[in-house]
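Just so it is clear, none of the values below were taken in a lab; they were calculated from the coordinates. Since the model is a prediction, treat every value here as computed from it, not as a measurement. So basically every Cβ, Gly included, is an ideal-geometry build from the backbone, and we count neighbours across all protein chains shown.
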Amino acid sequence: MNPVEHVWDAVLEVARSPLGLIAITLGGYQLGRWLQARTGGHALAQPVLVAIAVVGTAITLLDVDYPRYLEASTLISFWLGPATVALAVPLHRQADQLKGFVLPLLVAVGMGAVVSVAGAVLIARALGADDVLQRTLAPKAATTPVAIALADSLGGIPPLAAAFAILIGIFAALTAPAVLTLLRIRDRRARGLAVGAVSHGIGASRMLREDETEGAFAGLGMGLSALAISLVLPLLALVLW
């Protein structure tokens, strides 16, 4: 083996190591932030979306399977919990915005959960999806961990449920603010609640960058939506299947 090949093999070994995979993940996210800044906050320049593209490409080229990457990135995923809890901080600062909004908020979240679950199942059924796929799609609007647990309890496919939750979250984070503006929904509480309910942490982080009130209610919407879907899904399951 010549020196060039030896160096190249050493580089590949480092890139495939846990530290290398973490560096690739963080580098992909930083690239997304840089692109977002350079494009003036363009919707497609979402750091999470860019990081997914970078990591997916990297582990494919490096021939690293997903379980190995998942194990290596445990240090990053560990902080998702504290980061989610930290979303309560901006909500605490905006607590006065809840006055006169609690009842509409609870009704909207509850009805949204029912429509989300029933709509996903009925549309999938109309398109010819089998029961397993319907049960996998049902919790799509919940956060990824909740979607995985609910899909497993329903007899769906947990990894596929996670993929649906992530993809829908990214898509909603990219498009929902523009759709709400098109519909002339100006109330920042309603905007944040709507985006958080369908796009989870990704949407909440985007709304926080746009406005603190929208970000606070997006975090609240994310948590309440996951709770509402967890409560209504077992009841709807009795009717839908």
With r defined as the distance between the Cβ atoms of Leu106 and Ala83 and R0 fixed at 30 Å, what FRET efficiency is calculated, to the nearest 0.05? 0.75
Residues Ala163 and Asp63, FRET efficiency given R0 of 30 Å [Cβ-Cβ distance, rounded to 0.05]: 0.90
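Could you state the orientation-averaged shadow area of the convex hull built on the Cα atoms of segment 182-239, in nm² to one decimal?
4.5 nm²
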Extension gain, Glu71 back to Leu236 (0.36 nm per residue minus Cα-Cα distance, nm): 55.9 nm
Over segment 1-78, equivalent-ellipsoid semi-axes from the Cα gyration tensor in Å: 27, 16, 10
Roughly what angle does helix 102-126 make with the longest principal axis of the chain, taking Cα atoms, 0 to 90 degrees, to the nearest 10? 70 degrees
Please list the radius of gyration and Dmax for segment 38-85, considering alpha-carbon atoms only, with Å as the unit. 13.4, 36
State, as an integer percentage, the relative contact order of segment 1-78 based on alpha-carbon contacts under 8 Å between residues 6 or more apart. 33 percent
Report the label-to-label distance for Arg93 and Arg186 in nanometres (one decimal), using points 7 Å from each Cα along the Cα→Cβ vector. 2.4 nm
Show me the ranking of peptides 20-30, 185-195, 63-73 by mean Cβ neighbours inside 10 Å, starting with the highest. 185-195, 20-30, 63-73
C-alpha long axis of helix 212-240 to longest principal axis of the chain, angle in °: 80 degrees
If neighbour count is taken as other Cβ atoms inside 10 Å, put Phe217, Phe164, Phe78 in order from fewest to most. Phe78, Phe164, Phe217
Taking N as its residue count, the alpha carbon Rg of the chain over 2.2 N^0.38 Å: 1.13
For segment 79-188, the Debye formula with one identical point scatterer on each Cα and no solvent gives log10 I(q)/I(0) at q = 0.14, 0.15, 0.18 Å⁻¹ as -0.74, -0.84, -1.11
